[in-house]
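Written below as structure tokens is the structure these notes are about.
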Amino acid sequence: MKKLLFTLLSVFILFSCSKDNESATQAESPFKADQYPQKWQLVKMTGMVANVPPATGTDMEWQEYYLLQSDGTFIKSRDRKNRTITVNGTYKFVETSEGTYIVFTHESESTLICNCSTTLTESLRVNSEKELIATCWACDGPGLFYERIE
């Protein structure tokens with residue numbers, strides 16, 4: 001009887017700990033990647049000149065957004081001087097020791113690709129569940145900050 005009670009108690013404790021760990025992992029997740037579609041709007045832009053405040057809203061050089069679909073495809077659209085350019089491709093989430101990134105692979109070459117190389121990919125760092133930051137800032141590109149609006 002004592003062995004049966006000990007076994008049941010052990011199993012109960014084991015499953016209780018598993019559920020607590022699961023809840024903690026879900027709560028710590030910085031990004032709700034299972035909610036689609038997602039629209040990420042450019043909300044702030046910094047330049048390469050020191051001591052110049054960031055541009056926001058209509059003061060930015062262009063308006064831009066990413067639209068992420070649940071099937072792993074995206075649309076990126078930029079409106080600059082009343083001219084809209086739209087591109088598409090696929091995306092995936094990548095975990096590194098530095099954090100979580102969304103890597104976008106474009107279907108073709110475009111001026112909308114913001115990266116530090118000549119590839120068809122660009123990466124945005126998941127800064128929080130409501131903010132993405134373009135990584136082209138690291139190679140003297142503009143600082144581009146996106147917020148989820150949908």
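The values are calculated or read from the model by the stated rules, or taken from the named source; none is laboratory data. Predicted, not measured: the structure shown is a model, and the values here were computed from it. Ideal geometry is used to build each Cβ from the backbone, glycine not excepted, and the neighbour counts take in all protein chains shown. Heavy atoms of the whole protein, side chains included, go into the accessibility calculation; ligands, DNA and RNA do not. Shrake-Rupley method; radii C 1.70, N 1.55, O 1.52, S 1.80 Å.
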query = Of all residues in the stretch 126-150, which are under 9 Å from the mean Cα position of the chain (by Cα) and open to solvent by 80 Å² or more (accessible area, probe 1.4 Å)?
reply = LYS130
Of residues in the stretch 103-123 being within 19 Å of ASP79 (Cβ to Cβ) and either over 17 Å from the mean Cα position of the chain (by Cα) or aliphatic (A, V, I, L, M) (or both), the one most open to solvent (accessible area, probe 1.4 Å) = THR111
query = Of all residues in the stretch 80-102, which are more than 16 Å from the chain's Cα centre (by Cα) and either outside any strand (DSSP E or B) or exposed (fewer than 15 other Cβ atoms within 10 Å of the Cβ) (or both)?
reply = ARG80, LYS81, ASN82, ARG83, THR84, ILE85, THR86
message = I'd like to check something: does the stretch 75-92 contain any residue that is farther than 20 Å from GLU122 by Cβ, at pLDDT 95 or above and out of contact with any Pro (no Cβ under 8 Å at 6 or more places or on another chain)?
response = yes
remark   = If we ask which residues in the stretch 56-79 are under 16 Å from THR105 (Cα atoms) and either open to solvent by less than 20 Å² (accessible area, probe 1.4 Å) or assigned to a loop (DSSP other than H, G, I, E, B) (or both), their number turns out to be 9
